[in-house]
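Below is one structure, written out as C-alpha cells; the observations come after it.
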Amino acid sequence: MLPAIESKALARYDRDRPRGILGFVRSKMEKWTMDLGGQDLEARLSRLVAPQNEYGVDPFGLELDFAKAAVAPVLWLYKHYFRVETHGIEQVPAGRVMLIANHSGQLPMDGAMIGMSMLLEAEPPRIARAMVEKWAPTLPYVAPFFARIGQVVGTPENCRRLLAAEETILVFPEGVRGLNKTYDKKYQLQEFGSGFMRLALETKTPILPVAVVGAEEQAPALFDFKAAARFLGIPALPLSPTLGLPLPVKYHLHFGAPMTFTGSADDEDQELERKVREVKTRLQSMLDAGVAQRRSIF
Amino acid sequence: MAVLITGISGNLGRVIAKILHRGEKVIGLDRRAFPGAPKDLEVHHLDIRKRKVEDLFRKGEIHALLHMAIIHDPRLPQAEHHQYNVLGTKAVLEYAVKYGLKKVVVLSSTNVYGPQPDNDNFLTEDSPLLGSQRFADIRDLVEVDMLAQQSMWKHPEIETCIIRPVHIVGPSVKNAPSNYLRIPRPWMLAGFDPMVQLIHEEDVGLALQLALKPGARGVYNVVGPGELPLSAVMRELGRVPIPVPHLIARPLLNKLFQYRLAGFPGAELDHLQFLCTADGTRAVRELGFRPQYTLRETIRSVLGEQPAREAGG
C-alpha cells in the first residue's frame with residue numbers, strides 16, 4: 001500500500017510557480033491544453049483522484065499542475081494529427097487493470113495516445129502509468145519529465161504497488177522488439193515477455209488487450225542497421241524515410257474485453273507461457289480485425 | 001535498569017539522549033564530551049573499542065543498548081572509520097549477548113540501499129543493500145547493518161531492531177543532507193530532480209524510543225512525513241540552486257573535495273540524481289510510528305526553525 005500522507009498543514013500550500021521564461025511557457029501550455037480540451041476536459045481533470053501532498057505531488061512524483069501543461073502537444077496530436085478513434089473503451093473497468101498493447105512506430109506515440117485516451121475517454125478518467133525502461137532515470141530532463149507526468153520505472157515492485165493502489169498500468173510486452181521492428185513485420189506481434197502475467201496473477205489484476213492500429217505506418221522502417229546499433233550500444237537502429245518522425249496517420253485504438261487468469265504466479269514457465277500466448281493470440285486477432293476494418297491509413 | 005547509548009555526544013546522540021532521558025535511566029558512552037548534559041546522566045568517556053567498555057556491561061545495570069557510535073565523516077581516512085565502525089559494532093553486539101541484554105537497537109540508514117537509476121520508488125526492508133556499489137567509502141556502514149542483522153538471526157533471545165531512517169535533518173544535526181540544504185546556492189544536477197524523503201531529528205528519536213519498547217524486533221525503514229521533488233525543497237527554503245551538468249559535476253566535486261573547497265565527495269551526487277526513497281509502512285504498522293513534524297516543518301528545521309507546539313510534541 002502507498003504510505004499515507006498525513007499532514008497537519010493540509011491547507012494547500014501556495015507553491016511558488018516557476019518564474020521567468022519557464023513560468024511563461026508553462027502558463028501558455030496550460031492554456032493551450034484547456035483551449036483544446038474545453039470544459040469537458042476541465043470536468044474530467046477535476047475528477048482525477050491523485051493523492052497529492054501540500055507540494056502538489058503524489059508519492060511517485062506525479063504533479064498534476066505540471067502534467068496539465070505537459071499534455072498540450074500530446075492532446076493536439078491526439079485530436080488533430082493522429083485523430084485518434086477509440087473502439088470499445090467502455091470495456092475498461094474501474095479500478096486496477098493492466099493494459100496490454102502492441103508496440104510500434106519507432107517513437108512511442110502509441111503509449112502517449114493510449115494514455116491520453118484514458119484521460120479523455122475512459123470512465124472514470126485516470127492517469128495510466130506506463131512502465132518506463134530502466135535507463136530512463138539516467139537521462140537528464142527526461143527523467144524528471146516522466147516522473148512528473150506519472151510514468152514509473154517498470155520494476156515488479158513498483159508495478160505491484162501501483163496495482164495495489166487500484167491504478168491503471170500500461171505494458172508493452174514486446175518492448176523495443178515491437179517498437180523498432182521493420183515494416184515487413186507490421187502488425188505481427190513480436191516475442192512477449194512474461195513478467196506482466198506473473199504480476200497479474202499475483203495481484204489478481206484483469207488484463208485488457210489494446211490493439212493499436214495506425215502506428216505501424218507512422219514511420220515505416222525499411223532496414224535495421226544492426227551493426228551500427230551494436231556499435232552505438234542501442235537496441236536497434238531502424239532507418240525510415242521519415243527519419244523516425246511520424247506521418248499523420250489515423251490511429252484506431254481497439255479495446256478488448258478484460259481477461260482474468262487464475263493460477264499461481266510461481267507456476268512453471270510452461271504454464272505461464274500458455275497464458276501469455278492466450279493474451280497474444282487475442283491481441284493478434286484484434287489487430288487483424290482492426291486492420292481489415294479500417295478504410296484508409298490516413 | 002538503564003539504556004546504554006553509544007555515540008551519545010554526537011549532534012543526533014544528544015537530541016536522542018534528551019528525549020529518552022525523560023522516560024528512563026540513560027548511560028552514555030562516547031570519546032567526546034557532552035556539553036550541557038542533564039545532571040543525572042552518566043557519561044563514560046571511552047573509545048568504544050577499548051576493553052574497559054565491557055566493565056559497563058559487567059555491572060549488570062544495562063538492559064538495553066542503543067548503538068549509534070557510527071562515524072560518517074568523509075574526511076577521515078577510510079581505514080580509520082572502517083575500523084571504528086565495524087570493530088566497535090562487533091564489540092558491543094558481543095557484549096550484549098554475553099551479558100544477557102534484552103534489547104539492542106542499531107541506528108543504520110536508508111543509505112545502505114544507495115541511490116540507483118533502477119531503484120524501486122519505495123524500497124522495502126528486503127531490498128538488497130547496494131549502497132557501496134557506487135560509493136565504496138560507505139561499505140563499513142553497510143557492514144554495520146549486516147553485523148546487526150547477523151546478530152538478530154543468531155540470537156533470537158535478544159530483541160534486535162535495526163532502524164534505517166531516511167535523510168535526517170533538524171536544527172542540531174550537521175550531517176551531509178542537512179549541511180547541503182544549508183548552502184545558500186547549492187548545486188543541483190542539470191535535468192535531474194529526484195523525489196527525496198527527509199525526517200526530523202526528533203522524529204528519529206521517537207522511532208528509536210518505539211524500537212526500545214519490549215516486543216519490537218526486526219528491520220525498519222523510518223520515513224518522515226512524505227516525499228517531494230528536490231526542487232520543491234529548494235523552493236521551500238528559498239534556495240536558488242546552480243544546475244551543473246552531471247557529466248562534469250562528479251570529477252569537479254571530487255577535486256573541490258580534495259582541496260577542501262567542498263564538504264562532500266563526488267559520490268554523494270548520486271543522491272541528487274537518482275531515487276533512494278523507502279517504504280516506511282512496516283514501522284508504521286508494527287512500531288506505531290507516526291512522524292510528529294509535517295513535511296514543511298521538517299524541511300524548514302534545517303534553518304533552525306522550531307514550530308510552536310505544546311510540550312511533549
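Observations on the model:
- Index of the failed condition, B:Leu295 passing every other in (1) among the hydrophobic types (A, V, I, L, M, F, W, C); (2) buried (at least 21 other Cβ atoms within 10 Å of the Cβ); (3) more than 9 Å from chain A (Cβ to nearest Cβ): (3)
- Among the residues of segment B:225-238, those that are in contact (Cβ under 8 Å) with a residue 60 or more places away in the chain and within 10 Å of chain A (Cβ to nearest Cβ) comprise B:Pro225, B:Gly226, B:Leu228, B:Val233, B:Glu236.
- Checking each residue in segment B:18-63 for being assigned to a strand (DSSP E or B) and under 29 Å from B:Ser132 (Cβ atoms) picks out only B:Leu29.
- The set of residues in segment B:103-130 that are β-branched (Val, Ile, Thr) and within 25 Å of A:Asp58 (Cβ to Cβ) comprises B:Thr110, B:Thr124.
- Residue selected from segment B:239-254 under the condition free of Cβ contacts under 8 Å to residues at least 24 places away in the same chain and more than 10 Å from chain A (Cβ to nearest Cβ), by the criterion nearest to B:Leu295 (Cα to Cα): B:Arg250
- Residues considered: B:Arg285, B:Arg300, B:Arg290. Of these, the only one that is within 10 Å of another protein chain (Cβ to nearest Cβ) and either assigned to a helix (DSSP H, G or I) or surrounded by 20 or more Cβ atoms within 10 Å (Cβ to Cβ) (or both) is B:Arg285.
- Hits in segment A:136-157 - residues which are of a type outside the set (Gly, Ala, Ser), closer than 16 Å to B:Pro115 by Cβ and more than 7 Å from chain B (Cβ to nearest Cβ): A:Leu139
- Test result for B:Val204, within 14 Å of another protein chain (Cβ to nearest Cβ) and buried (at least 23 other Cβ atoms within 10 Å of the Cβ): no
- Verdict on A:Glu63 being more than 14 Å from every other protein chain (Cβ to nearest Cβ), modelled with pLDDT of 85 or more and either touching a helix residue (DSSP H, G or I) at 6+ places or on another chain (Cβ under 7 Å) or closer than 24 Å to B:Ser231 by Cα (or both): no
Conditions (1) surrounded by fewer than 19 Cβ atoms within 10 Å (Cβ to Cβ); (2) in contact with a strand residue (DSSP E or B) (Cβ under 8 Å, 6 or more places away or on another chain); (3) within 14 Å of chain B (Cβ to nearest Cβ), marked per residue:
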{"position": "A:His80", "(1), (2), (3)": "yes, no, no"}
{"position": "A:Glu85", "(1), (2), (3)": "yes, yes, no"}
{"position": "A:Gly95", "(1), (2), (3)": "yes, no, no"}
{"position": "A:Leu99", "(1), (2), (3)": "no, yes, no"}
{"position": "A:Gly105", "(1), (2), (3)": "no, no, no"}
{"position": "A:Gly115", "(1), (2), (3)": "no, yes, no"}
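The values are calculated or read from the model by the stated rules, or taken from the named source; none is laboratory data. Keep in mind that this is a model prediction, so the values were computed, not measured. Glycine also receives a Cβ, built like all others from the backbone with ideal geometry; neighbour counts cover every protein chain displayed.
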